[in-house]
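Contents: one structure, followed by commentary.
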Amino acid sequence: MPIISNNIKDVLVVLVELERATVVDVDDFKIVMQAAIDSGNKKFIVDLSECEFIDSTFLSALVTILKKITKEDGELKLVGLKPPVKSMFELTRLSQIFEIYGNGDEAVQSFN
């Protein structure tokens, strides 16, 4: 599976190991994230550093997951956005909704 998760302290880091994050793999991503939410995780980092492209379906899944996590009093942060992916977040104005960090260490330190 191209979605790998591991814990750093009490933060679940989910690495999306896809060059193109698209509708093809979005269901695997949603399953991993939903299982983590159901397990009681509250702090999430989604690492998109491997992604050169992200489509609207994957963006939509991120928004849905953010809503679920927020509803459970959790937090989700994004890291490692390459320029094309960052542009998608800026064009869709999702960069105003998500907390975006350059790397995992910065994101982990930002949690309360």
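The values are calculated or read from the model by the stated rules, or taken from the named source; none is laboratory data. Given the structure is predicted, the values throughout are model-derived calculations rather than measurements. Glycine also receives a Cβ, built like all others from the backbone with ideal geometry; neighbour counts cover every protein chain displayed.
See the values below:
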{"item": "So residue 77, is it assigned to a helix (DSSP H, G or I), of a type in the set (Lys, Arg) and modelled with pLDDT of 95 or more", "result": "no"}
{"item": "Segment 46-67, subset part of a loop (DSSP other than H, G, I, E, B) and out of contact with any strand residue (DSSP E or B) (no Cβ under 6 Å at 6 or more places or on another chain), residue nearest to residue 83 (Cα to Cα)", "result": "52"}
{"item": "Single unsatisfied condition, residue 14 versus (1) touching a residue at least 60 places away in the same chain (Cβ under 8 Å); (2) crowded, with 19+ Cβ neighbours inside 10 Å", "result": "(1)"}
{"item": "Hey, residue 37 closer than 24 Å to residue 105 by Cα, within 11 Å of the chain's Cα centre (by Cα) and surrounded by 15 or more Cβ atoms within 10 Å (Cβ to Cβ) or not", "result": "no"}
{"item": "Qualifying residue in segment 86-93 (condition: on the phi > 0 side of the Ramachandran plot and either in contact (Cβ under 8 Å) with a residue 12 or more places away in the chain or among the aliphatic types (A, V, I, L, M) (or both))", "result": "no"}
{"item": "Unique match (being among the aliphatic types (A, V, I, L, M) and either over 26 Å from residue 112 (Cα atoms) or at pLDDT 95 or above (or both)) among 32, 16", "result": "16"}
